[in-house]
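See structure below.
The values are calculated or read from the model by the stated rules, or taken from the named source; none is laboratory data. Please read these numbers as outputs of a predicted model, since none were measured by experiment. As a convention, Cβ positions derive from the backbone with ideal geometry for all residues, glycine included, and neighbour counts pool all protein chains shown. Each accessible area value is taken on the protein alone, full model and side chains, heavy atoms only, with ligands, DNA and RNA left out. Shrake-Rupley method; radii C 1.70, N 1.55, O 1.52, S 1.80 Å.
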Amino acid sequence: MINAIYPVLFRNVILPMEDMALRTSVSRTLRAYSKSEWWSADRMTEYQDEKVVRLLRHAYENVPYYKRVMDERGIQPGGLTGVVDLARFPLLTREMVRRERDNLKSRDLKSRRAKINSTGGTTGEPLRYYADWSAWSADWASLYRGWGYAGYRPGDKIATLAGSSLMGDVSVNWKQALRVKLERNLPLSVASLSPEIARRHASDLSDFRPRFVRGYPTALFVFARHVRSLGLSIPGLTGIMTTAEMLRPEHRQTIEEVLQAPVFDGYGCRDGGAIAMECDRHLGMHICSERGVFQFLDDEENPAGTGRIVTTDLLNYAMPFIRYETGDRGTLAPEPCPCGRGLPLIQSLDGRTTDVLTFHNGRTLSGPATTLMFRDSTFLAYQLRQTADDLLQVSYVADDSIDVETQIEPIRAMLENHVGSDVRIEFRLVDDIPATRAGKRRFIISDL
């Protein structure tokens, strides 16, 4: 009975009360997004045009970097018309965000109650930035809506197999703990997995009995293989949501076969305001066009069906990211989805793949969960590389202003906690992390 009633209670009572307490707008935004996903393409274009004009005018008046850019390029705020104007702006990279960080902050940062966000970076380049609470609210509303494509209702029992508890003894604040409790979310860390850890997680899932599981593809893939080899099962799942990495066909197949539920893939670049989610037609991922503008560019920065994914965050006025290089590549679907939603589709992704590191003691290390260890570091870039079954090398790029030792030791302790004390861990200061042909910097590599 509680499983049927609680989602209604959560959406109509608990979520609005959370919004009142935190001064957020998740509930209101979710209601709006539940309607706007059915808009026509023309109506969504009008919406984005209006949002882009408002954002660019704010950036000109309040953000030093963009005032300089617009003045240098002769872009007049009064002459802006919409999305088409974005092509007149330079691309924004992570390196530029670090270099221009102070100049990218809006002058009204304090009055906006901007919160500091950080990303470990699935390309091995950590980043800290400011975000509006309205953008934070829209992120959660977008996720709730996207998970709904799998049948999820906010308040349904869900287990998150990702970076949870990755930070060892570091405690979460009471607000985070309360939110997880109210959402009926069971967090389980899968940054490292061994048969013993997989068995414990399987037992916890059987006791908790979630309807849904979400997590990183490589981690869920390794977990599913352990579940199968141990002769276990996870009963009662309705759907599995994956994110943060490119979902390979063999990963989807194994996860679905072992966990006995369909996979719904997702794409997110939180710093760029980019979210896309797969619906039950499984033909691609619906772009959350209310949240951000997606552009697919070739190497000459011309619009293309397949190319670099560049996004503009429509809602983060605290630190605007306009034409932001996500570091990913993808293909835009040529036709709308037959589900009837007006949101365009990412047909496929080409990026965010990671290796799974397996050590002699049976421990594994994989996926974007590992990036959480580096989230608060000030390294310019980093890379984990396994060169032997008992050796992990950590290469990092740092400038002279960084107190390296104070940052290395906590990371070393967390790595040892996950891979075992009998695995050697070597930290190496390097001048650069080489990129692949596609321009990606792989942050976790196995040479075995």
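Being in a strand (DSSP E or B) and modelled with pLDDT under 90 is the requirement here; does ARG352 meet it? Even if it seems obvious, please write down each step before you answer.
Numbers: in a strand (DSSP E or B): no; modelled with pLDDT under 90: yes.
No: the conditions fail for ARG352.
Pairs are defined by a Cβ separation below 9 Å, a sequence spacing of at least 6 or placement on different chains, a first member in the stretch 66-88 that is among the hydroxyl-bearing types (Ser, Thr, Tyr), and a second member that is surrounded by fewer than 15 Cβ atoms within 10 Å (Cβ to Cβ); the pairs so defined are TYR66/ASN103. Can you tell me which residue is modelled with the lowest pLDDT among those in the stretch 64-98 that are open to solvent by less than 70 Å² (accessible area, probe 1.4 Å) and among the hydroxyl-bearing types (Ser, Thr, Tyr)? Across the stretch 64-98, the extreme among qualifying residues is THR93.
Against the criterion of being closer than 27 Å to LEU161 by Cα and not aromatic (Phe, Trp, Tyr), VAL293 does not qualify. When the stretch 270-279 is filtered for residues that are out of contact with any His (no Cβ under 8 Å at 6 or more places or on another chain), open to solvent by 10 Å² or more (accessible area, probe 1.4 Å) and aliphatic (A, V, I, L, M), only ILE275 remains.
Residue-by-condition table, conditions (1) in a helix (DSSP H, G or I); (2) at pLDDT below 95; (3) in contact with a helix residue (DSSP H, G or I) (Cβ under 6 Å, 6 or more places away or on another chain):
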site	(1), (2), (3)
ALA21	yes, yes, no
SER27	yes, no, yes
TRP38	no, no, no
ARG57	yes, no, yes
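Test of understanding: among ARG385, ARG424, which residue is at pLDDT 90 or above, in contact with an Asp or Glu (Cβ under 7 Å, 6 or more places away or on another chain), of a type in the set (Lys, Arg) and closer than 25 Å to LEU247 by Cα? Talk me through it step by step, then tell me what you get.
Details: ARG424 fails: closer than 25 Å to LEU247 by Cα.
Unique residue meeting the criteria: ARG385.
Could you say which residue among VAL190, VAL213 is open to solvent by less than 60 Å² (accessible area, probe 1.4 Å), in contact (Cβ under 8 Å) with a residue 60 or more places away in the chain and among the β-branched types (Val, Ile, Thr)?
On the way: VAL213 fails: in contact (Cβ under 8 Å) with a residue 60 or more places away in the chain.
Sole residue among the options that is open to solvent by less than 60 Å² (accessible area, probe 1.4 Å), in contact (Cβ under 8 Å) with a residue 60 or more places away in the chain and among the β-branched types (Val, Ile, Thr): VAL190.
Within the stretch 84-93, can one find any residue that is over 19 Å from ARG270 (Cβ atoms) and not in a helix (DSSP H, G or I)? Yes - at least one qualifying residue is present in the stretch 84-93. Candidates LEU283, LEU247: the one that is touching a helix residue (DSSP H, G or I) at 6+ places or on another chain (Cβ under 6 Å), open to solvent by 20 Å² or more (accessible area, probe 1.4 Å) and over 25 Å from ILE116 (Cα atoms) is LEU247.
Scan the stretch 221-271 residue by residue and report those that are farther than 30 Å from ALA131 by Cα, in contact with a strand residue (DSSP E or B) (Cβ under 7 Å, 6 or more places away or on another chain) and among the hydrophobic types (A, V, I, L, M, F, W, C). Explain how you work it out, then say what you get.
Our first condition is that a residue be farther than 30 Å from ALA131 by Cα; within the stretch 221-271, this holds for 221-239, 248-263.
Subset that is in contact with a strand residue (DSSP E or B) (Cβ under 7 Å, 6 or more places away or on another chain): 222-223, 226, 237-239, 252, 255-256, 259, 261-263.
Within the stretch 221-271, VAL222, PHE223, LEU237, ILE255, LEU259, ALA261, VAL263 meet the criteria.
Is it the case that some residue within the stretch 218-240 is in a strand (DSSP E or B), in contact with a helix residue (DSSP H, G or I) (Cβ under 9 Å, 6 or more places away or on another chain) and modelled with pLDDT of 90 or more? Quick ask: steps written out before the conclusion?
Residues of the stretch 218-240 that are in a strand (DSSP E or B), as a first pass: 239-240.
This time we only want the ones that are in contact with a helix residue (DSSP H, G or I) (Cβ under 9 Å, 6 or more places away or on another chain), so: 239-240.
Filter again for modelled with pLDDT of 90 or more, leaving 239-240.
Yes, that holds for at least one residue.
Restricting attention to the stretch 134-192 and to residues that are touching a Pro at 6+ places or on another chain (Cβ under 9 Å) and of a type in the set (S, T, N, Q), the residue that is modelled with the lowest pLDDT turns out to be SER165.
No other residue among ALA304, ALA318 is in contact (Cβ under 8 Å) with a residue 12 or more places away in the chain and in contact with a strand residue (DSSP E or B) (Cβ under 9 Å, 6 or more places away or on another chain) apart from ALA318. Against the test of being assigned to a loop (DSSP other than H, G, I, E, B) and surrounded by 19 or more Cβ atoms within 10 Å (Cβ to Cβ), the options TYR130, TYR152 yield a single qualifying residue, TYR152. The single condition from (1) modelled with pLDDT of 95 or more; (2) of a type outside the set (Phe, Trp, Tyr); (3) closer than 20 Å to PHE296 by Cβ that GLU61 fails is (3).
So is PRO7 touching a residue at least 24 places away in the same chain (Cβ under 8 Å) and exposed (fewer than 13 other Cβ atoms within 10 Å of the Cβ) or not?
Values: touching a residue at least 24 places away in the same chain (Cβ under 8 Å): yes; exposed (fewer than 13 other Cβ atoms within 10 Å of the Cβ): no.
No, not satisfied.
Is at least one residue of the stretch 16-39 open to solvent by 70 Å² or more (accessible area, probe 1.4 Å), under 30 Å from MET277 (Cα atoms) and of a type in the set (S, T, N, Q)? No - not one qualifying residue is present in the stretch 16-39.
Flag: ASP71 does not match the condition of being over 30 Å from GLU300 (Cα atoms), among the acidic types (Asp, Glu) and either out of contact with any Leu (no Cβ under 8 Å at 6 or more places or on another chain) or assigned to a helix (DSSP H, G or I) (or both).
Per-residue answers, yes or no, for (1) open to solvent by 10 Å² or more (accessible area, probe 1.4 Å); (2) in a strand (DSSP E or B); (3) farther than 20 Å from SER36 by Cα; (4) of a type in the set (D, E, K, R):
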site: THR254; (1), (2), (3), (4): yes, no, yes, no
site: PHE264; (1), (2), (3), (4): yes, yes, yes, no
site: GLY268; (1), (2), (3), (4): yes, yes, no, no
site: ASP299; (1), (2), (3), (4): yes, no, yes, yes
site: THR312; (1), (2), (3), (4): no, yes, no, no
site: GLY330; (1), (2), (3), (4): no, yes, yes, no
site: ILE346; (1), (2), (3), (4): no, yes, no, no
site: ASN361; (1), (2), (3), (4): yes, no, yes, no
